[in-house]
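Q: This is the structure, below, for whatever I ask next.
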């Protein structure tokens, strides 16, 4: 177990300590008011609306809830409660006190939250608008960059900045550099000046250089923001008269090394530094239509499982850092899984179904970037069909039993493709997992469409290139054991790097750049003495002592 | 049109041969004059005012007296004489020659410091722009105007640095200083205290005593800067700042004197009935202005202040006279803070405590002025003592922000605070009373409003009935 109490990602608005959520005229107002003494760990104060993981967990929860619980909300405003301070970014003292893996996990989670914000704007009809009433520094401005519109108070002092390089000798950790040039299309020479100027830019120049969209006199900022957001909300295609579904806390029990969710069981093998994640297929046939899905709400199997899986991944990432391999298994009736996929496809235009599918997309992406070795086991009694087959496709390697286990009456293992494998769940690179898998043979992906609905046994799956190895029952145990044990023997750093490089072939997107640059450049810089050595800038920040740089260019 | 800058703008920075500076000022100077007309002392353009103008930095040059129309005041640019051997006295660059140009790595820090300092100068002119209408005498009116034009000159001094050393950014910052206005909800001045009103002359005297004194300490620590032009600029500004505090200290002193005279003459404490300002009300104003001014020093533990020091851009008060290593890397300094519901002393790294150290120097300086006021009260045979409140009293910034603390430094419950607040801080009623005393300006030479005593001496030794301002 981790040394301290595990970090719990489950929260809800009545428990927020750092954000206020208010709804009015189709607009949600997410107001940041960070409680200085509300840090997740002791030893630092969250001054000046700076944040730590705890603050971002609340933000992520709010973003998620707004999508499911509030179909009537068409725009979301992010703003600050504080006078003259919007947000000063990630708390530096917290970073200084954190282990490297916590820093990386923190950055990763905040990145996923920012991407979820953009996903909501792009796909859910909930457009994010940022209203900056003061200083938006570092992660504060990066949060703004994740929004579709940025309004800045034009008071001669409100400014946006990315002071990481000049002040801390590190890089903005939540996609700031990428979004500047790739999303807002800021000219690279302007971006260069901006990122080396600790105090950032304000007013006219910030606008002219595309760093913000609009300048508003401070006395009008509240009204202008409201007006802008209400206009955007009015244009949203979300159903204003629909009712949302409640997202009650995900239920789980942790007993020793077993974590049980409604539809997922995690068993940790500490000695083997691995965990088995076994997802359970649906227990009954799917409901008839969208209205019936709505009636089931959070209990609707695909949604319930996605929430279980999401929570389990976040828990394992943060609280079980030494468990380096996740073994993915499933259990259930593939025909039922297929029927659920058919329902999701049939009702794709329904707002709630759309949210559930988008949520699966994000959950699978979270799996892709979890920095764990992923091994999928397709065994008799498993139900890797359609949406669940994405888990097999996400794995670095998959093993499928050819035949049956001696003495078992379970039928031969099969896998099935559904239409959900061909579009709704793109990876960060913009391609489906199938398209990514078969980069060399794009035509093969089309051919596979002909296999939709077929129960493919090991031989057929192997033939179609959908699994890696297909040992029989005599070889199975050793092959699988060796694969997991071998993984546990390698350097975790080397594995993370290798896996990340191999998992995302194909085109670059803003998203792949953000994660790749974070893991490559930022993590390298975070390890270097110029940032974290005894005389490094991040280490000395706040002491008044000046950092001494190793001037060699590497 | 060619302008003879050496005539228009007295200076010792070789303005007439500096083309870059001329170009910058050609743009800025008309805007400054527009600003002065719009935001400076209201309705005073035609007045002839007996003002002091600095035309050089030597002993005779900095105090030339004569009648001037304020828009025609010759706002000069002066730096204290250069010491060719000056070295940086503190921080990582200690012992190196003082910088004559801005080092690239400290450029934005220096610019921010200069802008923050510069922004306060026009702010106070704006805050005081209506006071002339209720001046208690020509003497006081003239002093107000003297302060106003000198704050204008201090703005010039900072604008000179921005124009001369910070390129385009500097020019933009210089313009922005004319665009922000005290109390403007859309473009407020940078620091909170400079957005408060100065509605009456008691407030004005308190402001010049307490808040301008903050300016003195900020300027004094910038006068230690490794950036030599800033240091020299601030050193010369300090000579003028002394007059502002003189106006504050003697202004409050003259009100006290008048109040004590009336108390004695009428054998009563109730001087309000006699149209004067009672000592308890003055104490309340003191409490207010002192705590607002303490906030200007910033957080007790400050990363910025530590960085400024280590970088060599802002030192301590009288840095070179302090007998330590001037690096402070291993030193600690005791600050007061709140822990477990009590005010406690706590040692923190000295580098981070530089704001607090400067605040302490300031508090001691304020205390000396209060002693002089009390001597006057004692001399009059009145049993009353003015006191500086505890540093934790009524603060908005730092460790004590939002805490309820009595003037003698006890932590209070909200209920205790509410029960006593009206004894410690000016109430609406107090303010209304002070406002009621502010009648039309007293314009007859040698006459004074009822609530204030005449000064002991005239400006530049002029007689008591000297006509300091001619209204034309």
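Q: From (1) in contact (Cβ under 8 Å) with a residue 60 or more places away in the chain; (2) not in a loop (DSSP other than H, G, I, E, B), pick out the condition that doesn't hold for residue A:460.
A: Condition not satisfied by residue A:460: (1).
Residue-by-condition table, conditions (1) at pLDDT 95 or above; (2) in contact with a helix residue (DSSP H, G or I) (Cβ under 9 Å, 6 or more places away or on another chain); (3) away from chain A (no Cβ under 14 Å); (4) crowded, with 22+ Cβ neighbours inside 10 Å:
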{"position": "B:257", "(1), (2), (3), (4)": "yes, yes, yes, no"}
{"position": "B:260", "(1), (2), (3), (4)": "yes, yes, yes, yes"}
{"position": "B:269", "(1), (2), (3), (4)": "no, yes, yes, no"}
{"position": "B:285", "(1), (2), (3), (4)": "yes, yes, yes, yes"}
{"position": "B:290", "(1), (2), (3), (4)": "yes, yes, yes, yes"}
{"position": "B:294", "(1), (2), (3), (4)": "yes, yes, yes, yes"}
{"position": "B:313", "(1), (2), (3), (4)": "yes, yes, no, yes"}
{"position": "B:323", "(1), (2), (3), (4)": "no, no, yes, no"}
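Q: For the list (1) closer than 30 Å to residue B:96 by Cβ; (2) within 13 Å of chain A (Cβ to nearest Cβ); (3) buried (at least 19 other Cβ atoms within 10 Å of the Cβ), I need the number of the one condition that residue B:398 fails.
A: (1)
Q: Hey, any hits in the range B:352-363 for a residue that's within 27 Å of residue B:193 (Cβ to Cβ), over 23 Å from the mean Cα position of the chain (by Cα), within 12 Å of another protein chain (Cβ to nearest Cβ) and in a helix (DSSP H, G or I)? Walk me through it before giving the result.
A: The initial filter retains those residues of the range B:352-363 that are within 27 Å of residue B:193 (Cβ to Cβ), namely B:352-363.
Restricting the remaining residues to those that are over 23 Å from the mean Cα position of the chain (by Cα) gives B:352.
Restricting the remaining residues to those that are within 12 Å of another protein chain (Cβ to nearest Cβ) gives B:352.
Adding the requirement that they be in a helix (DSSP H, G or I) leaves B:352.
Yes, the range B:352-363 has at least one match.
Q: Next question. In the set B:139, B:160, which member is away from chain A (no Cβ under 14 Å), in contact with a strand residue (DSSP E or B) (Cβ under 6 Å, 6 or more places away or on another chain), in a helix (DSSP H, G or I) and surrounded by 20 or more Cβ atoms within 10 Å (Cβ to Cβ)?
A: One residue alone meets the criteria, B:160.
Q: Still on this structure, I have one more. Give the residues of the range A:175-234 that are within 14 Å of chain B (Cβ to nearest Cβ) and closer than 21 Å to residue A:90 by Cβ, sorted by residue number.
A: A:194, A:195, A:196, A:197, A:198, A:199, A:200, A:201
Q: Separate question: Name every residue in the range B:302-311 that is crowded, with 22+ Cβ neighbours inside 10 Å and more than 8 Å from chain A (Cβ to nearest Cβ), in order of residue number.
A: Scanning the range B:302-311 gives a single hit, B:308.
Q: Condition check: touching a residue at least 60 places away in the same chain (Cβ under 8 Å) and either on the phi > 0 side of the Ramachandran plot or outside any helix (DSSP H, G or I) (or both). Does residue A:453 satisfy that?
A: Answer is yes for this residue.
Q: What residue, among those in the range B:403-426 that are free of Cβ contacts under 8 Å to residues at least 12 places away in the same chain and part of a loop (DSSP other than H, G, I, E, B), is farthest from residue B:280 (Cα to Cα)?
A: The qualifying residue farthest from residue B:280 (Cα to Cα) is B:413.
Q: Run down A:305, A:316, A:336, A:277 and say which single residue is out of contact with any helix residue (DSSP H, G or I) (no Cβ under 8 Å at 6 or more places or on another chain), touching a residue at least 24 places away in the same chain (Cβ under 8 Å) and buried (at least 22 other Cβ atoms within 10 Å of the Cβ).
A: A:305
Q: Considering the range A:155-166 alone, what residues qualify as being in contact with a strand residue (DSSP E or B) (Cβ under 9 Å, 6 or more places away or on another chain) and within 13 Å of chain B (Cβ to nearest Cβ)?
A: Once the filter is applied, which keeps residues that are in contact with a strand residue (DSSP E or B) (Cβ under 9 Å, 6 or more places away or on another chain) and within 13 Å of chain B (Cβ to nearest Cβ), the range A:155-166 yields A:155, A:156, A:157, A:158, A:159, A:161, A:163.
Q: So which residues in the range A:235-255 are under 30 Å from residue A:8 (Cα atoms) and either surrounded by 15 or more Cβ atoms within 10 Å (Cβ to Cβ) or within 14 Å of chain B (Cβ to nearest Cβ) (or both)?
A: Step one: filter the range A:235-255 for residues under 30 Å from residue A:8 (Cα atoms), giving A:243-255.
Hits for the range A:235-255 are A:244, A:245, A:247, A:250, A:252.
Q: For the range B:88-128, give me each residue that is at pLDDT 95 or above, within 14 Å of chain A (Cβ to nearest Cβ) and surrounded by fewer than 16 Cβ atoms within 10 Å (Cβ to Cβ).
A: The answer is B:94, B:96.
Q: Counting only residues that are closer than 12 Å to residue A:86 by Cβ and not in a helix (DSSP H, G or I), which one in the range A:138-154 is farthest from the other protein chains (Cβ to nearest Cβ)?
A: Initial filter on the range A:138-154 (closer than 12 Å to residue A:86 by Cβ): A:138-144, A:147, A:150-153.
Applying the additional criterion that residues be not in a helix (DSSP H, G or I) yields A:138, A:147, A:150-153.
Details: A:138: 14, A:147: 23, A:150: 19, A:151: 14, A:152: 13, A:153: 8 Å.
The qualifying residue farthest from the other protein chains (Cβ to nearest Cβ) is A:147.
Rundown of residues vs (1) more than 29 Å from residue B:304 (Cα to Cα); (2) in a helix (DSSP H, G or I), yes/no style:
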site: A:167; (1), (2): no, yes
site: A:177; (1), (2): no, yes
site: A:198; (1), (2): no, no
site: A:230; (1), (2): yes, yes
site: A:245; (1), (2): yes, no
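Q: Okay, moving on. Which condition from (1) closer than 22 Å to residue B:35 by Cβ; (2) within 14 Å of another protein chain (Cβ to nearest Cβ); (3) crowded, with 24+ Cβ neighbours inside 10 Å is the one that residue B:226 breaks?
A: Here residue B:226 clears every test but (1).
Q: Out of all the residues in the range A:86-102, is one or more touching a helix residue (DSSP H, G or I) at 6+ places or on another chain (Cβ under 8 Å), assigned to a helix (DSSP H, G or I), modelled with pLDDT of 95 or more and surrounded by fewer than 23 Cβ atoms within 10 Å (Cβ to Cβ)?
A: For the range A:86-102, residues touching a helix residue (DSSP H, G or I) at 6+ places or on another chain (Cβ under 8 Å), assigned to a helix (DSSP H, G or I), modelled with pLDDT of 95 or more and surrounded by fewer than 23 Cβ atoms within 10 Å (Cβ to Cβ): absent.
Q: Which one of these is under 23 Å from residue B:286 (Cβ atoms) and touching a residue at least 12 places away in the same chain (Cβ under 8 Å): B:178, B:202, B:230, B:138?
A: From the options B:178, B:202, B:230, B:138, the qualifying one is B:202.
Q: Tally up the residues in the range B:176-194 that are within 25 Å of residue B:228 (Cα to Cα) and more than 10 Å from every other protein chain (Cβ to nearest Cβ), please.
A: Of the residues in that region, 0 qualify.
The values are calculated or read from the model by the stated rules, or taken from the named source; none is laboratory data. In this text, all values refer to a predicted model and were calculated from it rather than measured experimentally. Cβ sites come from the backbone with ideal geometry, for glycine too, and all protein chains shown count toward neighbours.
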